[in-house]
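Below: the structure, in structure tokens.
The values are calculated or read from the model by the stated rules, or taken from the named source; none is laboratory data. These figures come from a predicted structure and were not determined experimentally. FYI the Cβ positions are ideal-geometry reconstructions off the backbone, even for glycines, and counts take in every protein chain you see.
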């Protein structure tokens, strides 16, 4: 099976979009926070590690507040973590989720683009005049 010019253009578009999606994934990749790990290991932050499951602070923490990183994580990420291992498991889930979301967006865009191009070609072909047939 040979690809026509429009299909080849679609393949090039798909590859370029994949490279862009990969770059965006690298930029947005959840990275490990050294300050959060330090807070998780600090005995002074025990109160924040041992809060009840599902309890989230009602205000954003002040920047220089003790245990700022863990409070900030609880407030913005809405996830209770009790240890460095919990945090690393959270990172694995976040990274997997980010990768799957980026793949789904990329795949959805390229399939939609292909189907849109196919539909336009089908409509254009319907307007073309068919050659007249000879009556025999």
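Filter the range 58-76 for residues that are loosely packed, with under 14 Cβ neighbours inside 10 Å and under 26 Å from the mean Cα position of the chain (by Cα) and give the result.
Within the range 58-76, 60, 76 qualify.
What is the residue count in the range 97-115 for residues that are surrounded by fewer than 11 Cβ atoms within 10 Å (Cβ to Cβ) and either over 19 Å from residue 23 (Cβ atoms) or touching a strand residue (DSSP E or B) at 6+ places or on another chain (Cβ under 6 Å) (or both)?
Total satisfying the criteria: 2.
Among the candidates 35, 14, 31, which residue alone is out of contact with any strand residue (DSSP E or B) (no Cβ under 7 Å at 6 or more places or on another chain), at negative phi, outside any helix (DSSP H, G or I) and modelled with pLDDT of 90 or more?
31
Conditions (1) modelled with pLDDT of 85 or more; (2) touching a strand residue (DSSP E or B) at 6+ places or on another chain (Cβ under 8 Å); (3) part of a loop (DSSP other than H, G, I, E, B); (4) under 21 Å from residue 94 (Cβ atoms), marked per residue:
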{"site": "44", "(1), (2), (3), (4)": "yes, no, no, no"}
{"site": "48", "(1), (2), (3), (4)": "yes, no, no, yes"}
{"site": "58", "(1), (2), (3), (4)": "no, no, yes, no"}
{"site": "62", "(1), (2), (3), (4)": "yes, no, yes, no"}
{"site": "65", "(1), (2), (3), (4)": "yes, no, yes, no"}
{"site": "74", "(1), (2), (3), (4)": "yes, no, no, yes"}
{"site": "79", "(1), (2), (3), (4)": "yes, no, yes, yes"}
{"site": "82", "(1), (2), (3), (4)": "yes, no, yes, yes"}
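Has the range 32-45 got any residue that is in contact with a helix residue (DSSP H, G or I) (Cβ under 8 Å, 6 or more places away or on another chain) and exposed (fewer than 11 other Cβ atoms within 10 Å of the Cβ)?
Yes, because at least one residue in the range 32-45 is in contact with a helix residue (DSSP H, G or I) (Cβ under 8 Å, 6 or more places away or on another chain) and exposed (fewer than 11 other Cβ atoms within 10 Å of the Cβ).
Which residue is farthest from residue 47 (Cα to Cα), if the candidates are limited to the range 83-102 and must be touching a residue at least 60 places away in the same chain (Cβ under 8 Å) and within 8 Å of the chain's Cα centre (by Cα)?
102
Regarding the range 111-128, can at least one residue be identified that is under 28 Å from residue 27 (Cα atoms) and under 19 Å from the mean Cα position of the chain (by Cα)?
Start the filter on the range 111-128 by keeping residues that are under 28 Å from residue 27 (Cα atoms), which leaves 111-114.
From what's left, under 19 Å from the mean Cα position of the chain (by Cα): 111-112.
Looking through the range 111-128, at least one residue is under 28 Å from residue 27 (Cα atoms) and under 19 Å from the mean Cα position of the chain (by Cα).
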